[in-house]
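The values are calculated or read from the model by the stated rules, or taken from the named source; none is laboratory data. All values reported here derive from a predicted model rather than from experimental measurement. Don't worry about glycine lacking a Cβ; one is built from the backbone with ideal geometry, like all the others, and counts go over all protein chains shown.
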Amino acid sequence: MTIASTIKISIKNILKNKMRSFLTALGIIIGVGSVIVMVGIGTGTSVRIENEMRSMGTNLIMIFAGGQRSGGGVSQGAASSNRLSLADMQKISKEGSWIQAVSPQVNTQAQIIYASYNWRTQVSGVSEEYQIVRNYTMQSGSFFTEADVKGSRTVAVLGQTVADELFPYTDPLNKQIRVNNVPFKVAGVLASKGSSGFGQDQDDLILVPYTTAMNKLTGSQSLRSILVSTTTEDMIEAQQTEITSILRSQHRLKESDADDFTIGTQTEITERASSIGDTMALLLGSIAAVSLLVGGIGIMNIMLVSVKERTKEIGLRMAVGAKGRNIMLQFLIEAFVLSMLGGLLGTIVSFMLAAVLNGFNIITVVIEWGIVALAFVFSGSVGIFFGLYPAKKASELDPIEALRYE
């Protein structure tokens, strides 16, 4: 008996019991669909985080006050006040290489009022270069200027969330708002950026000149952070080293002193966040793969039942010349075809489910063809592995005993 005729007989037997074949393959359908979707959720999480982290700024380096000890907590150099100052920013701007833009950042929470509307949000005092550093574009109006910063003018640029909350029916441009009871004129509204890679609403903020924030809102000359944008991504690591050297010199730290500041790059944060998504994909995929194994056990059980039901048929085929390996191959092919059919239907289901989840913006699912191929290979392997025992049992039947079976 040729392999082609064995395959033909196997497929004929599967089609003879369509409902049972479908129910047998159901475990594989669920397993393959689950694996593809779960891994797709993990991959989608990584992609979304990477995209949102890129929206934070271009080739970004972030410097924060306070250095981290290896065991956690803040370390201090002997001659350091453990703060960042405008002098630090000016030193970096003057002596740093490959710098595109630099901005200090001073943050405070404030109650914002316009007419009968009010909203509590973060107010960030920044320079005119912050728009470049954070890659912001304007939806309307304009960003404040260097003259606004030098003159400590009370002008504000609103994030989209704040604009929607305070001005649901009105154009906010040139309107006067009160920030902790200090009047500010709205100069512009930022284009929406959505949420960050960590779920923070990047549109829920107000930007004002840092000089104004220091003098009229915080009453402090200390900076929360300094943000630096490099001219090219290739030079981020070199510039990070250079900025570390500049700040250590500026803070008069000894060689034995730990840094009294923390410096990180956009690339480091993106890689860290991406690894979380990759770990999630692996974990979710592994959990879903268990259902594939359950589907394989289902195939084995049904194939054992099939061997029992077809004992007389097997005996008859052996009596007319079919060898044990032909019988074994037939049952293996049936198990393989069932699992591959389940894999195909599972893939279709996974694409449909991904389209629904993405369409309703419930969660981001990114299906990669490599995972689809891997799921197919795995489902086929499961079919062969769990079909091996029933196939072997069928091939070892005694023809005479099989013909007597009722």
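Tell me the residue from Ala110, Ala147, Ala187, Ala156 that is in a helix (DSSP H, G or I) and farther than 30 Å from Ser274 by Cα, please.
Working: Ala110 fails: in a helix (DSSP H, G or I); Ala187 fails: in a helix (DSSP H, G or I); Ala156 fails: in a helix (DSSP H, G or I).
On inspection, the qualifying residue turns out to be Ala147.
Name the residue, out of Leu227, Leu253, that is in the same structural domain as Glu146 (by TED's automatic domain parsing) and at pLDDT 90 or above.
On the way: Leu253 fails: at pLDDT 90 or above.
Only one candidate passes the filter, namely Leu227.
Within segment 182-217, work out how many residues are over 30 Å from Thr43 (Cα atoms) and either at pLDDT below 90 or not aliphatic (A, V, I, L, M) (or both).
Of the residues in segment 182-217, the ones over 30 Å from Thr43 (Cα atoms) are 182-189, 206-217.
Subset that is either at pLDDT below 90 or not aliphatic (A, V, I, L, M) (or both): 183-185, 188, 209-212, 215-216.
So the answer is 10.
If we keep just the residues of segment 163-180 that are in contact with a Pro (Cβ under 9 Å, 6 or more places away or on another chain) and assigned to a helix (DSSP H, G or I), which is nearest to Ile112 (Cα to Cα)?
Initially, segment 163-180 is screened for residues in contact with a Pro (Cβ under 9 Å, 6 or more places away or on another chain), giving 163, 166, 176-177.
If we keep only those that are assigned to a helix (DSSP H, G or I) as well, we get 163, 166.
Details: Ala163: 11, Leu166: 8 Å.
For segment 163-180, the residue satisfying everything is Leu166.
If Gln131 meets every condition in (1) under 36 Å from the mean Cα position of the chain (by Cα); (2) in contact (Cβ under 8 Å) with a residue 24 or more places away in the chain; (3) within 30 Å of Ala238 (Cβ to Cβ) apart from one, which number is that one?
Among (1) under 36 Å from the mean Cα position of the chain (by Cα); (2) in contact (Cβ under 8 Å) with a residue 24 or more places away in the chain; (3) within 30 Å of Ala238 (Cβ to Cβ), the lone unmet condition for Gln131 is (2).
With respect to Thr212, determine if the residue is buried (at least 20 other Cβ atoms within 10 Å of the Cβ), in contact with a strand residue (DSSP E or B) (Cβ under 8 Å, 6 or more places away or on another chain) and under 26 Å from Met89 (Cβ atoms).
On the way: buried (at least 20 other Cβ atoms within 10 Å of the Cβ): yes; in contact with a strand residue (DSSP E or B) (Cβ under 8 Å, 6 or more places away or on another chain): yes; under 26 Å from Met89 (Cβ atoms): yes.
Criteria met by Thr212.
With the condition being of a type outside the set (S, T, N, Q) and at pLDDT 85 or above, I'd like the helices (runs of 4 or more DSSP H) fully within segment 1-100 carrying at least 2 qualifying residues.
Numbers: elements: 3-16, 18-54, 86-95.
The helices (runs of 4 or more DSSP H) meeting that bar are 18-54, 86-95.
Select from segment 283-310 the residues that are more than 47 Å from the chain's Cα centre (by Cα), in a helix (DSSP H, G or I) and modelled with pLDDT under 85 and list them in ascending order.
Passing the criteria: only Glu309.
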